[in-house]
Amino acid sequence: MSFVDHFARIERDKLLLALYSCTAADVERALVQPEGNLQSLLALLSPAAEPYIEEMAQRSAALTRQRFGANIGLYLPLYLSNLCANECDYCGFSMSNKLKRKVLNEQELAAEIAIIKSRGFDSILLVSGEHETKVGMDYFQRVLPLVKQQFSYLAMEVQPLEESHYRKLVEQGLDAVMVYQETYQAETYAKHHTRGKKQDFAYRLATPDRVARAGVDKIGLGVLLGLDDWRLDALMMGYHLDYLERHYWRTRFSISLPRLRPCTGGIAPKVHLTDLGLVQMICTFRLFNQQLDISLSTREAPSLRDNLLPLGITQMSAGSSTQPGGYQVPDSQLDQFEISDDRTVEQVITQMRLKGFNPVFKDWESAWIVPKMRV
Ligand code: SF4
């Protein structure tokens, strides 16, 4: 049993109709619900909620402060490789793109780690393209101990793995897995993923179940905003989150709301999500789920990131590079996508403090976890 079975019973067309036929009364009913539920999620994501965004923003900000205080967790992505055996038409790492390819060796990894540590980070997100033979379990098992020695919190955003593989990585210190479905609309998914294992929509959809069963502390869900109707994709991600929380109560969850960015060989968004639409999504998810981490990357512009901070965001990257080896030797030919916020870490945290927020570099210590899970 996985979300795939549950997903098969979701009637997409009915949901779409319900989303676009919501009324102001539905939104007002959703706003007075003490707890979020799927019905209120639908109403708040609908076009009918647009006149209520100010009210939603105020409630979202208050709920976020109540649960998370003024703390914003900071992390950095560390790109292990840009090798990829898939073809995704929105991504610079796509197999057929003429790009310099690279996999970090141990020395290069150590150099990247040293730079990231010198900037104060204690939470790391390991990222790679999806290439099982050259950047698969053997490689991950070699590099994880090196990384875990240096960081308290270790997340990965790599190809979907088997449950047994996740278990092995948990033993080496894996704390979180980000696995973005990109879009929950199977036909759109097929159109954008034209080669490689990522074409298997159902295998990807069942990945968070495997991750949770393997005992990973946190799972990150996400959709790539711009591939299709963002309201419907966000709603289906809400269904996914709801299912996972009900089945895996020990696991924590986060979401990311990345908008499609320019990249080598990349496509233009089919659907444009405005800044206001992004605000609506952030606030809706906060009203839906008060425990949820909501993450915002450097894909967004500095002023927007600063303005979104109070509304529900709990985690941010700052000073990111989206290329393997990019902290030591920046080389734009290796990039996955262009980033919008290229401020330094110091600039970002200065701005955070000016707005009354507390940048947190470390909020996790695995010392209490059973010994077999420690490196
Ligand atoms: S999105 Fe991921 S799987 Fe697709 S080409 Fe880029 S790195 Fe590879």
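A compact table of results
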quantity	calculated
Breaking point among (1) within 15 Å of the ligand (Cβ to nearest atom); (2) assigned to a loop (DSSP other than H, G, I, E, B), for residue 173	(1)
Some residue of segment 294-304 being surrounded by 23 or more Cβ atoms within 10 Å (Cβ to Cβ) and of a type in the set (Lys, Arg)	no
Checking residue 70 against (1) within 12 Å of the ligand (Cβ to nearest atom); (2) in contact with a strand residue (DSSP E or B) (Cβ under 6 Å, 6 or more places away or on another chain); (3) of a type outside the set (Val, Ile, Thr), the condition it does not meet	(1)
Residue under evaluation residue 92, criteria (1) surrounded by fewer than 22 Cβ atoms within 10 Å (Cβ to Cβ); (2) modelled with pLDDT under 95, criterion not met	(1)
Every residue from segment 290-307 that is in contact with an Asp or Glu (Cβ under 7 Å, 6 or more places away or on another chain) and farther than 16 Å from residue 121 by Cα	300, 301, 302, 304, 305
Scan of segment 82-101 for residues that are basic (Lys, Arg) and within 13 Å of the ligand (Cβ to nearest atom), ordered by number	101
Single condition residue 287 does not satisfy, out of (1) modelled with pLDDT under 95; (2) over 21 Å from residue 125 (Cβ atoms); (3) part of a helix (DSSP H, G or I)	(1)
Residue ranges of strands (runs of 3 or more DSSP E) in segment 190-268 with at least 1 members modelled with pLDDT of 95 or more and within 22 Å of residue 164 (Cα to Cα)	218-222, 252-256
Residue in segment 177-230 that is nearest to residue 1 (Cα to Cα), counting only those that are in contact with an Asp or Glu (Cβ under 9 Å, 6 or more places away or on another chain) and hydroxyl-bearing (Ser, Thr, Tyr)	184
Residue within segment 195-216 that is within 16 Å of the ligand (Cβ to nearest atom), β-branched (Val, Ile, Thr) and touching a residue at least 60 places away in the same chain (Cβ under 8 Å) present	no
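The values are calculated or read from the model by the stated rules, or taken from the named source; none is laboratory data. Computed from a predicted model, the values in this text were never measured in an experiment. Heads up, the Cβs are rebuilt from the backbone with ideal geometry, glycines too, and the neighbour counts pull from every protein chain shown.
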